[in-house]
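The structure under discussion appears below in the form of structure tokens.
The values are calculated or read from the model by the stated rules, or taken from the named source; none is laboratory data. This structure is a prediction, so every number in the text was calculated from the model and none was measured. Positions of Cβ are generated from backbone atoms using ideal geometry, with glycine treated the same way; all protein chains shown enter the neighbour counts.
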Amino acid sequence: MSLTDLEELAGEIRELILTTVSKNGGHLAPSLGTVELTLALYSVFDFSRDRLIWDVGHQAYTHKILTGRRDTFHTLRTLGGITGFPKRAESPFDSFGVGHASTSISAALGLLIAAEIEHMPRRIVAVIGDGALTGGEAFEALNHAGQLKKNLLVVLNDNEMSIDKNVGALSEYLSLLRLKPQYHRAKKEFKDFVKNIPFRDIGEKILLAANSVHAGLTAAIVPGAIFEALGFTYLGPIDGHDLKNMRDIFSRVGVIDSPVLIHVHTTKGKGYAPAETAPEKFHGVGKFDKETGQIFKKKSPPSYTEIFSQAVIDCAAHDEKIVAITAAMPTGTGLKKFAEKFPHRFFDVGIAEEHAVTLAAGMAAGGLRPVVAIYSTFMQRAYDQILHDICLQNLPVLLCLDRGGLVGEDGATHHGVFDLAYLRTIPNINIMAPKDENELRQMIFTAIKKNLPAAIRYPRGSGLGVTVEDKPQQLPWGKAEIVEQSQSADVTIFAVGTMVASCVEAAKLLRGKISVNVVNVRFVKPFDTELLKKFARSAKLLVTCEEGTLAGGFGSAVAEFLADEKILTNLLRIGIPDKFVEQGNRAELLNLCSLTPQKISQQIHERLNEIIFGFLTVTT
């Protein structure tokens with residue numbers, strides 16, 4: 001396509017992205033910022049042969065539209081529609097599935113090595129954002145790629161963090177100059193000439209001096225000295241909305257037979273004024289009015305995140321040892337207000353979850369009381385640090401896992417459904433899940449008073465609207481709470497966190513047919529074994545219900561305990577099956593996983609009928 005055609009196409013793509021995201025929600029600002037960058041890449045490379053890897057995938061909507069998904073783009077992030085992130089099963093152009101940050105360079109290097117071994121000539125391109133570059137895995141991959149000297153192309157999309165402010169004619173001139181074949185040939189010929197000087201010591205000294213001068217000049221006038229030091233040829237920064245210049249540079253990088261990093265500067269929300277003005281607000285956004293930029297919000301109770309935020313602030317006001325840590329999510333986790341109140345006790349480490357957890361362990365070893373707030377799905381990245389650095393040393397760090405459970409439209413990469421399973425296997429950890437927002441506040445105050453490693457997982461979105469105490473009571477450690485009790489109940493449900501309210505509703509649906517007790521577990525580890533023994537011996541059916549994986553979750557802990565104690569009883573475990581759950585709104589996904597009150601009551605009714613009529617009988 002001509003340059004004029006491409007610029008017209010960029011406008012059409014922006015309009016499609018804007019219209020779709022205003023109706024469905026999604027990652028608007030990042031994808032609006034990469035329209036020209038994506039078009040430039042596709043106008044130069046043949047990605048039916050070459051490979052394009054996106055980091056995280058927040059910025060990949062143009063890529064999806066260009067690769068056969070324009071007509072289905074209106075289904076973005078909906079149940080049965082296309083996902084919000086690149087996914088291998090969705091398109092052959094999605095070369096690698098993503099959703100978590102800092103993976104693109106590693107994956108791209110792996111694809112490049114595979115192509116070489118399979119003798120398939122391909123250009124592999126990784127696009128990584130400046131935020132994702134704060135992750136340690138990105139630098140591990142850069143280091144390895146530089147060491148291997150593979151023909152890898154990394155595009156650094158700098159749209160927020162100022163890696164270098166030297167954007168202008170000089171840097172673009174240097175980039176174009178260094179792309180000339182004569183430049184690289186001259187470098188090689190100079191090295192060969194010096195090495196061939198008969199007086200070896202003199203030759204080595206000249207080369208050493210030249211390298212020192214080159215390093216000094218690079219540090220002084222070329223912004224990417226750090227990338228050069230890692231073995232990459234650095235080009236940029238260049239304007240990420242200048243299609244002509246990007247096409248020119250992308251089409252000429254083939255003259256460099258070693259790793260190349262092109263630093264592209266883009267504007268988040270480009271072309272849509274509300275998103276350009278407030279890119280953080282439109283990074284991951286719900287439905288909004290396209291004309292005004294007004295985000296649609298229902299009147300609802302405070303979110304769990306807001307309750308967490310205020311509780312930690314209240315605790316910190318009375319204890320100067322309390323510090324707060326997050327990994328590039330001060331707004332999303334609610335710690336932005338803490339940072340404003342206690343700036344010297346707040347630490348945002350960037351996209352570096354492993355560092356965040358070990359940093360907290362070091363602080364705890366030094367006598368502080370760290371609170372680490374990270375989304376459940378991202379805390380998975382720091383499993384070893386939780387195990388080795390916190391729990392092995394039994395250090396008093398409080399891990400607060402926001403977005404526990406099904407998070408909705410972001411899909412499989414973002415659901416926080418594995419935390420109960422991956423945490424409860426670790427010795428010394430204490431795990432809690434609140435039934436409502438007031439209990440979350442109580443748990444934070446309770447956990448901070450204990451000198452132990454602890455984790456609290458809580459859901460995305462609004463609370464239930466219960467009254468939140470100003471002065472929360474301390475919860476009895478490891479003790480459950482009976483919230484519904486019937487005389488001589490047929491069934492006792494042990495419900496975890498968000499499922500407590502659903503199980504209370506399920507009990508109401510069963511009323512008149514089946515009598516049901518409902519227990520709020522509160523503590524997944526250590527859980528209330530005495531109460532479990534009591535009901536296991538008296539009920540016809542024991543039920544566990546959790547918004548987490550059945551494999552290894554709370555239900556598994558109960559089954560293990562009953563087996564170890566030689567208690568024979570009928571047990572029904574309700575939770576998320578052993579498969580990845582795709583995108584959809586939360587209500588649709590709960591229904592899909594049979595975690596609505598109607599489906600919970602139906603499963604209980606069917607299992608009890610099996611027991612009563614002899615299809616599944618166990619002697620108690």
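For this structure, a couple of remarks:
- Every residue from the range 495-544 that is in a loop (DSSP other than H, G, I, E, B) and of a type outside the set (Lys, Arg): Val496, Gly497, Thr498, Gly512, Ile514, Ser515, Val521, Pro526, Phe527, Asp528, Ala539
- The residues on offer are Arg69, Arg49, and the sole one that is under 16 Å from Ser91 (Cβ atoms), out of contact with any helix residue (DSSP H, G or I) (no Cβ under 7 Å at 6 or more places or on another chain), surrounded by fewer than 18 Cβ atoms within 10 Å (Cβ to Cβ) and modelled with pLDDT of 95 or more is Arg49.
- Candidate set from the range 477-496 (those that are under 33 Å from the mean Cα position of the chain (by Cα) and more than 19 Å from Ser601 (Cβ to Cβ)); member that is surrounded by the most Cβ atoms within 10 Å (Cβ to Cβ): Ala480
- Of Ser106, Ser95, Ser91, all but one fail to be hydroxyl-bearing (Ser, Thr, Tyr) and assigned to a helix (DSSP H, G or I); the exception is Ser106.
- Exactly one residue among Phe139, Phe96 is closer than 30 Å to Thr19 by Cβ and hydrophobic (A, V, I, L, M, F, W, C), and that residue is Phe96.
Listed here are the residues, each with its yes/no results for (1) of a type outside the set (Asp, Glu); (2) at pLDDT 85 or above; (3) in the same structural domain as Val260 (by TED's automatic domain parsing); (4) in contact with a helix residue (DSSP H, G or I) (Cβ under 7 Å, 6 or more places away or on another chain).
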| residue | (1), (2), (3), (4) |
| --- | --- |
| Leu111 | yes, yes, yes, no |
| Ile124 | yes, yes, yes, yes |
| Phe139 | yes, yes, yes, no |
| Gly146 | yes, yes, yes, no |
| Lys187 | yes, no, yes, no |
| Phe190 | yes, no, yes, no |
| Arg200 | yes, no, yes, no |
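- Residue match in the range 463-475 (condition: under 30 Å from Lys87 (Cα atoms) and modelled with pLDDT of 95 or more): no
- Check on Glu291, part of a loop (DSSP other than H, G, I, E, B), at pLDDT 95 or above and either of a type outside the set (Ser, Thr, Tyr) or not assigned by TED's automatic domain parsing to the domain that holds Glu137 (or both): no
- Pick from the range 63-87, criterion assigned to a loop (DSSP other than H, G, I, E, B) and more than 24 Å from Arg586 (Cα to Cα), ranking: nearest to the chain's Cα centre (by Cα): Arg70
- Residue check for Gly57: closer than 28 Å to Leu590 by Cα, touching a strand residue (DSSP E or B) at 6+ places or on another chain (Cβ under 9 Å) and either surrounded by 19 or more Cβ atoms within 10 Å (Cβ to Cβ) or touching a residue at least 40 places away in the same chain (Cβ under 8 Å) (or both): no
- Given (1) in contact with a Gly (Cβ under 8 Å, 6 or more places away or on another chain); (2) of a type outside the set (Lys, Arg); (3) closer than 18 Å to Ala495 by Cβ; (4) surrounded by fewer than 24 Cβ atoms within 10 Å (Cβ to Cβ), number of the condition Gln442 does not satisfy: (1)
- Members of the range 266-282 found to be of a type in the set (Val, Ile, Thr), in contact with a strand residue (DSSP E or B) (Cβ under 8 Å, 6 or more places away or on another chain) and over 19 Å from Glu36 (Cα atoms), listed by number: none
- Test for Ile13: is it surrounded by 19 or more Cβ atoms within 10 Å (Cβ to Cβ), more than 27 Å from Gly254 (Cα to Cα) and modelled with pLDDT of 95 or more: yes
- Ser258 being part of a loop (DSSP other than H, G, I, E, B) and either among the small types (Gly, Ala, Ser) or at positive phi (or both): yes
- Residue within the range 512-533 that is polar (S, T, N, Q) and surrounded by fewer than 21 Cβ atoms within 10 Å (Cβ to Cβ) present: yes
- The C-beta contact set for the range 572-590 (first residue assigned by TED's automatic domain parsing to the domain that holds Thr83 and under 29 Å from Glu610 (Cα atoms), second residue modelled with pLDDT of 95 or more and surrounded by 21 or more Cβ atoms within 10 Å (Cβ to Cβ), distance under 9 angstrom, 6+ apart or interchain) is empty.
Matching residues to (1) of a type outside the set (S, T, N, Q); (2) more than 22 Å from Ile576 (Cα to Cα); (3) touching an Asp or Glu at 6+ places or on another chain (Cβ under 8 Å):
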residue: Leu423; (1), (2), (3): yes, no, no
residue: Asn428; (1), (2), (3): no, yes, no
residue: Lys479; (1), (2), (3): yes, yes, yes
residue: Val491; (1), (2), (3): yes, no, no
residue: Leu509; (1), (2), (3): yes, no, no
